[in-house]
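Engineer: Below you'll find the structure I mean.
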Amino acid sequence: MVAQHRSSGLHAYVLTVSAVGLGLLALLAAAGGVADVRGQPPVFWALLVCLVVSESFPVLVPRVGTQLATTAETFAFAILLGWGTAAAAFALVVGLLVSDLARRAAPEKVIFNVGQYGLLITVAGGLYQLLGGGGGSFTARQLPAFAAAALVFFAGNLLLVGVVTSLAYGRDFVADLRDAVRVEARPYAMVFGMAPIMVLVAQAQVALLPLLLLPMLAVWVALKTAVEADERRAAAELATGQAEAMAAEHARLAEAEHELVERLRESDRLKDDLLAAVSHELRTPLAGMLGALATLSAREGQLTDPQRQELVDMAARQGDRLKLQIEQLLLAARLERSGHEPAERPVVDAAALARDAVAAARAAYPARQLVLEVSGVLPVRAVPEAVLQVLGNLLDNAAKHAPDKAPIRVQARRAGALAVLAVEDTGPGIPPADRERVFERFTQLDSGATRRAGGVGLGLYIARQLANAQGGELLATDPTPPGQGARFELRLPMAELAYRRPG
């Protein structure tokens with residue numbers, strides 16, 4: 001749609017400029033301009049030949065669309081100053097037709113060029129006459145009129161070509177115009193400046209006209225040099241931009257490499273922490289189990305049955321503790337690899353799962369006082385084992401940190417569209433600044449309490465990963481009522497389908 005709009009706008013513009021220019025040329029011809037041309041002296045025809053030759057050897061300006069720049073304006077304005085607007089328009093049109101046909105330009109381009117330059121030379125010639133130019137030999141009094149006409153011709157040419165480029169290629173009109181003025185203004189000042197000299201020499205002594213070919217060649221070389229300098233400047237700017245982009249890319253790669261090195265160092269640090277934590281925590285139950293077994297072996301005949309049973313029970317407890325820690329390590333590794341549990345989750349009653357978790361905790365910690373508060377059925381979509389694992393880890397954490405005779409509260413309630421399962425204790429609590437850090441791997445805020453109870457700092461990490469896998473979240477929040485202690489909330493979205501107990 002945009003390309004079509006540009007195409008229609010370009011065609012309308014080209015047709016308008018061509019029609020106006022050709023119309024002005026027709027008016028000049030109707031006013032007797034062609035008859036005036038036929039009666040011009042030989043010097044006029046010599047200048048016309050020079051105009052055709054200079055127009056046939058243009059300087060390529062490598063902007064979008066590749067424009068042409070020539071020194072033909074020198075001869076056109078020399079004819080304008082010496083023989084009037086009609087003669088200059090005739091000479092310029094002849095030069096354009098010969099050069100465009102020799103280059104086999106497209107017909108629409110030939111028509112546009114004739115219309116464009118016919119418009120420019122007619123307007124410039126009219127302005128020159130309006131400001132007092134013409135009417136005989138060129139004198140110093142006519143310099144202001146000549147300068148105004150040359151400026152209008154130069155500026156009008158830039159504007160007309162700039163509009164074509166903007167419509168055809170979507171270019172920035174103002175930026176292109178600014179670049180064109182910067183590159184072409186000084187060379188074209190020489191091009192137009194040679195015109196009065198040429199007409200004065202031609203009117204004074206025609207035989208001296210060939211002497212002007214050398215400065216004209218110099219003007220052509222200056223124009224070509226300016227264009228080539230602009231090419232080199234553009235190439236230098238492009239190379240500079242590429243170099244800056246490459247430097248920025250190198251800096252980005254260096255930063256990425258630095259970040260990778262830092263991540264590798266952090267990974268090595270975590271591995272060291274893991275080895276230290278695992279070696280310490282696994283050694284404790286292993287040492288207890290091996291110690292009990294060594295005592296049984298060394299004092300087999302000296303022990304009573306109750307003593308022997310106590311040592312066997314001790315070894316079994318330490319073995320269970322070791323098994324639990326190994327299972328936590330394996331579960332953490334599996335969660336790290338997969339990142340989630342299976343997507344298919346059944347509808348279950350979160351309140352019933354809270355009851356089951358509390359029952360399991362009472363069996364594991366018979367001396368603990370566990371208080372359960374449940375308000376109705378809480379249907380959620382979750383894997384039951386995952387929810388039980390989360391609540392079990394939270395209850396284990398509370399049992400490690402709460403005072404021996406202090407109660408541990410478990411709540412199961414609805415909060416809007418969420419089912420909230422909370423575990424709260426009256427232990428030392430968690431500073432607000434550390435409430436996110438406790439969910440990181442191998443994090444133990446109170447190492448003494450944790451060491452006494454055992455653990456490798458994975459319980460809360462595993463609990464949060466499992467909560468996320470069920471579409472919920474696990475947070476450390478303020479205890480209720482505010483005071484000492486820690487409160488963890490497992491928040492799960494309520495199921496879309498109503499939960500029904502099996503009949």
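The values are calculated or read from the model by the stated rules, or taken from the named source; none is laboratory data. Everything numeric here is computed off the predicted structure, so don't read it as measured data. So basically every Cβ, Gly included, is an ideal-geometry build from the backbone, and we count neighbours across all protein chains shown. The accessibility values were calculated without ligands, DNA or RNA, using every heavy atom of the protein model including side chains. Shrake-Rupley method; radii C 1.70, N 1.55, O 1.52, S 1.80 Å.
Engineer: Output wanted: per-residue J couplings in Hz (rounded whole) for segment 302-311, from phi through Karplus 6.51 cos²θ - 1.76 cosθ + 1.60, θ = phi - 60°, x for Gly and Pro.
Structural biologist: Ordered by residue, 3J(HN,Hα) equals 9, 9, 7, 4, x, 5, 5, 5, 5, 5 Hz.
Engineer: Right, another one. Which whole number of Å³ per residue matches the convex hull of the alpha-carbon atoms in segment 129-204?
Structural biologist: Residue-normalised Cα hull volume stands at 103 Å³.
Engineer: For segment 151-190, what is the charge dipole size about the Cα centre, in debye to the nearest 20, if Lys and Arg each add +1 at the Cβ and Asp and Glu each add -1 at the Cβ?
Structural biologist: Dipole size: approximately 80 debye.
Engineer: Right, next: Given labels modelled 7 Å from the Cα in the Cβ direction, how far is it in nm from Ser56 to Leu27?
Structural biologist: Each label point is offset 7 Å from its Cα along the Cβ direction, giving 3.3 nm.
Engineer: Ignoring ligands, DNA and RNA, what accessible area per residue does segment 80-143 give at 1.4 Å, in Å²? Before the final figure, lay out the partial values.
Structural biologist: On the way: 2870 Å² over 64 residues.
Accessible area per residue: 45 Å².
Engineer: Let me ask you something else. On a full-extension model of 0.36 nm per residue, what is the gain between Val94 and Arg252, subtracting their alpha-carbon distance, rounded to one decimal in nm?
Structural biologist: 50.9 nm
Engineer: Please list, in chain and number order, the residues 5+ apart from Leu370 or on another chain whose amide H is under 5 Å from its amide H, with Hs placed from the backbone.
Structural biologist: Amide H neighbours of Leu370: Ile408.
Engineer: Ranking request for peptides 239-248, 75-84: highest mean number of other beta-carbon atoms within 10 Å first, then the rest in descending order.
Structural biologist: The peptides rank, most packed first, as 75-84, 239-248.
Engineer: From the P(r) of segment 101-158, can you give the percent of Cα pairs sitting at distances over 18 Å?
Structural biologist: Looking at segment 101-158, the distances longer than 18 Å represent 44 percent of pairs.
Engineer: Once the Cβ-Cβ distance between Ala360 and Asp172 is put in as r, and R0 is 56 Å, what FRET efficiency do you end up with, to the nearest 0.05?
Structural biologist: That pair, Ala360 with Asp172, gives E of 0.15.
Engineer: Then there's this: Once amide H atoms are built 1.01 Å from N in the peptide plane, which residues 5 or more positions from Ala419, or in another chain, come under 5 Å H to H?
Structural biologist: It is Leu492, Met494, by chain and number.
Engineer: What is the distance, in nm, between label points placed 7 Å from the Cα along the Cα-to-Cβ direction at Val49 and at Arg414?
Structural biologist: Going from the Val49 label point to the Arg414 one covers 10.6 nm.
Engineer: Would you kindly derive the ³J(HN,Hα) couplings of segment 374-387 from the backbone phi angles with the Karplus curve 6.51 cos²θ - 1.76 cosθ + 1.60 (θ = phi - 60°), listing them in order in whole Hz, with x for Gly and Pro?
Structural biologist: 10, 10, x, 7, 10, x, 9, 9, 6, 7, x, 4, 5, 5
Engineer: Residue-wise, which Karplus ³J(HN,Hα) couplings in Hz belong to segment 188-203, taking 6.51 cos²θ - 1.76 cosθ + 1.60, θ = phi - 60°, and x for glycine or proline?
Structural biologist: Taking θ as phi minus 60°, the curve returns 6, 4, 5, 4, 6, x, 6, 4, x, 4, 5, 6, 5, 5, 5, 6 Hz for segment 188-203.
Engineer: For the residue pair Leu290 and Glu262, what label-to-label distance in nm results when each label sits 7 Å from Cα along the Cα-to-beta-carbon direction?
Structural biologist: That separation, rounded to one decimal, is 4.1 nm.
Engineer: If DNA, RNA and ligands are ignored and the probe is 1.4 Å, what is the ranking of Met494, Met198, Met314 by accessible area, most exposed first?
Structural biologist: Met314, Met494, Met198
Engineer: Work out the FRET efficiency for Glu373 and Gln242 from their Cβ-Cβ distance, taking R0 = 45 Å, and round it to the nearest 0.05. All intermediate terms of the calculation are to be shown ahead of the outcome.
Structural biologist: On the way: r = 69 Å, r/R0 = 1.53.
In this case the efficiency is close to 0.05.
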